[in-house]
1. Given (1) in contact (Cβ under 8 Å) with a residue 60 or more places away in the chain; (2) crowded, with 23+ Cβ neighbours inside 10 Å, identify the lone condition not met by residue 63.
2. All but one of (1) farther than 13 Å from residue 47 by Cα; (2) touching a residue at least 40 places away in the same chain (Cβ under 8 Å) hold for residue 91; state the number of the condition that does not hold.
3. All but one of (1) modelled with pLDDT of 75 or more; (2) surrounded by 10 or more Cβ atoms within 10 Å (Cβ to Cβ) hold for residue 144, so report the exception by its number.
4. From 102, 27, 78, which residue is at pLDDT 90 or above, within 16 Å of residue 2 (Cβ to Cβ) and touching an Asp or Glu at 6+ places or on another chain (Cβ under 8 Å)?
5. Touching a residue at least 12 places away in the same chain (Cβ under 8 Å), aromatic (Phe, Trp, Tyr) and farther than 14 Å from residue 119 by Cβ: which single residue out of 23, 37 fits that description?
6. If we scan the stretch 152-168, do we find a residue that is in a helix (DSSP H, G or I) and either at pLDDT 75 or above or surrounded by 12 or more Cβ atoms within 10 Å (Cβ to Cβ) (or both)?
7. Kindly list, by first and then second residue, each pair from a residue in the stretch 158-178 that is among the acidic types (Asp, Glu) to a residue that is surrounded by 10 or more Cβ atoms within 10 Å (Cβ to Cβ) and at pLDDT 75 or above, limited to pairs with Cβ atoms under 8 Å and residues at least 6 apart or on different chains.
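The values are calculated or read from the model by the stated rules, or taken from the named source; none is laboratory data. Bear in mind that the values here come from a model prediction, so they are computed numbers and not experimental data. Glycine gets a Cβ as well: all are built from the backbone with ideal geometry, and neighbour counts include every protein chain shown.
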Amino acid sequence: MKVLIAEDDLVSNHLLQVKLRQWGYEIVETKNGHEAWQALQRENAPQLAILDWMMPGMDGIDICRNVRASSKLQSMYIILLTTRIDQKDIVEGLQAGADDYITKPFESEELQARVHVGARIVRLQSELAERVTELEEALAKVKQLEGILPICSYCNKIRDDRDYWQQFEKYISQHSQAMFSHGICPDCYEKYVKPELDELP
């Protein structure tokens, strides 16, 4: 999984790269907010980002707000890196769109744990998006039953698109997930079954 780093401090930037590569992540390195935002506009942009709060020009909070305002970046997981520890500052960062935060100087174990959480959530969101696509495709197949179906006025067979006549139940079963159980409606009971019963000795 690719992780974007936006950190203008060279020492912190290098340390983040070393640790993330050790943990098996591919790095997209940027040194300020403008570079980070440009990297996020590209095709196959990282879905997980570690952003320094304080950067010249566009800072981490600005990027958070831009990401949350972009429809194509809604699933991005953002971790803010900050020296601020006041609760009010933390709330501000989360309200701007960050998913998590780490205070500097950070411990490697904490960074690893928080990045792994973010990666897991990104993977779950990706899997969910795939399931939604599968459901939409399944729904599209069900919608094939919409429109006019030629049906025999006498035997109720349906003519398919290959000009074959099939029993109603068989046709519906092939074009949907519906299953059939058979019974006798009141009208047919009175018309067919009851006369037969009355004739029994």
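1. Every condition holds for residue 63 apart from (1).
2. Every listed condition holds for residue 91 apart from (2).
3. (1)
4. Numbers: 102 fails: within 16 Å of residue 2 (Cβ to Cβ); 27 fails: touching an Asp or Glu at 6+ places or on another chain (Cβ under 8 Å).
Only one candidate passes the filter, namely 78.
5. Working: 23 fails: farther than 14 Å from residue 119 by Cβ.
After ruling out the rest, the residue left standing is 37.
6. Filtering the stretch 152-168 for residues in a helix (DSSP H, G or I) gives 168.
When the remaining residues are screened for being either at pLDDT 75 or above or surrounded by 12 or more Cβ atoms within 10 Å (Cβ to Cβ) (or both), the result is 168.
For the stretch 152-168, residues in a helix (DSSP H, G or I) and either at pLDDT 75 or above or surrounded by 12 or more Cβ atoms within 10 Å (Cβ to Cβ) (or both): present.
7. 160/166
Residue by residue, here is whether (1) among the aromatic types (Phe, Trp, Tyr); (2) part of a helix (DSSP H, G or I); (3) touching a residue at least 40 places away in the same chain (Cβ under 8 Å); (4) under 19 Å from residue 47 (Cα atoms) holds:
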{"position": "109", "(1), (2), (3), (4)": "no, yes, no, no"}
{"position": "115", "(1), (2), (3), (4)": "no, yes, yes, yes"}
{"position": "118", "(1), (2), (3), (4)": "no, yes, yes, yes"}
{"position": "122", "(1), (2), (3), (4)": "no, yes, yes, yes"}
{"position": "125", "(1), (2), (3), (4)": "no, yes, yes, yes"}
{"position": "129", "(1), (2), (3), (4)": "no, yes, yes, yes"}
{"position": "132", "(1), (2), (3), (4)": "no, yes, no, yes"}
{"position": "137", "(1), (2), (3), (4)": "no, yes, no, no"}
